[in-house]
Amino acid sequence: MTRTPPDPHTGTLIAVLAYPGVDELDLFGGYAILAKAGSVAHAEGLTPLTAVIAAQAPEIRGSAGVTFRAQEDLTAVEHAQAVVVPGGRGATAAAGEPQLHQALHRAGQGNARLYSVCSGALVLAGAGLAQGRTLAIHAAKHTQLTGQGTVRAAGGLVRDGRYCSVGGDLRDSVKSVDLAFALLADLRPELVEPVSRRTEITAGRRPRHAAEARGA
């Protein structure tokens, strides 16, 4: 793990946040798509895109027991143009972690786009970044999310300003993968088609705006 994250001024920097108990599918599903986008951008001579897994600790154990090393520390979160917060059994504990709060706040102050998968919404809410927002989350965790102030819970793939979140619905596609494609559509739309072609994957969800999601 380094303390010198990629320079966001040389391209697009995306930080995928990891923490103890993070769900491996939430994290690696989306990361795989974003990392592939970086490879495609390089191969086709496009503006660089760098996706990194960032964490407070050098080594992380996921909710299914997989142990892995983070690529960057939380400095990468602070400087990223987009931050992805996966869910997992450890999300409730991560939601109370001050250093994660600080990094996410600094990202927000830098106008980063914030993305969450399922219970990753709890981490954004715990950091005080979800007030007045509508976030998607697992259907069983709506009450836990709405108990944290004025945040509203929804299902599907939901956009609310600079926020985009996914969860709370049953589909054939993988939530974190659909969110990653939505992120690319936001920041690097020219990469959506070539990444889809290279991976032979298309997004199974289409984003809905917050008001539409609340009315569903």
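The values are calculated or read from the model by the stated rules, or taken from the named source; none is laboratory data. Just so it is clear, the model here is predicted, and its values are computed rather than measured. Cβ sites come from the backbone with ideal geometry, for glycine too, and all protein chains shown count toward neighbours. For the accessible areas, the whole protein counts, side chains as well, though only heavy atoms, and no ligand, DNA or RNA atoms are used. Shrake-Rupley method; radii C 1.70, N 1.55, O 1.52, S 1.80 Å.
Overview of values
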{"read-out": "Listed candidates [x] 55; [y] 48; [z] 39 - label of the one calculated as percent of Cα pairs over 23 Å apart", "value": "[z]"}
{"read-out": "Built amide H within the under 5 Å cut-off of SER173, gap 5+", "value": "none"}
{"read-out": "Largest to smallest principal axis extent of the C-alpha atoms in the stretch 134-203, angstrom", "value": "41, 25, 10"}
{"read-out": "Mean shadow area of the stretch 87-154 over all directions, Cα convex hull, nm²", "value": "4.0 nm²"}
{"read-out": "Trypsin sites (Lys or Arg not before Pro) restricted to the stretch 34-112 and DSSP loop, no more than 16 other C-beta within 10 Å", "value": "ARG89"}
{"read-out": "Relative packing of peptides 93-102, 139-148 - highest average C-beta neighbours within 10 Å first", "value": "93-102, 139-148"}
{"read-out": "Semi-axis lengths (Å, descending) of the ellipsoid that matches the C-alpha gyration tensor of the stretch 49-164", "value": "21, 17, 12"}
{"read-out": "Calculated P(r) of the stretch 136-177 - Cα pairs past 13 Å, %", "value": "53 percent"}
{"read-out": "Pairs of Cα atoms farther than 17 Å apart, the stretch 25-96, %", "value": "50 percent"}
{"read-out": "Accessible area (Å², per residue) of the chain, counting only protein heavy atoms and a probe of 1.4 Å", "value": "43 Å²"}
{"read-out": "Virtual spin-label span in nm between GLU190 and ALA57, 7 Å along Cα→Cβ", "value": "4.1 nm"}
{"read-out": "Efficiency of FRET between ARG89 and ASN111 - r from beta-carbon atoms, R0 41 angstrom, step 0.05", "value": "0.85"}
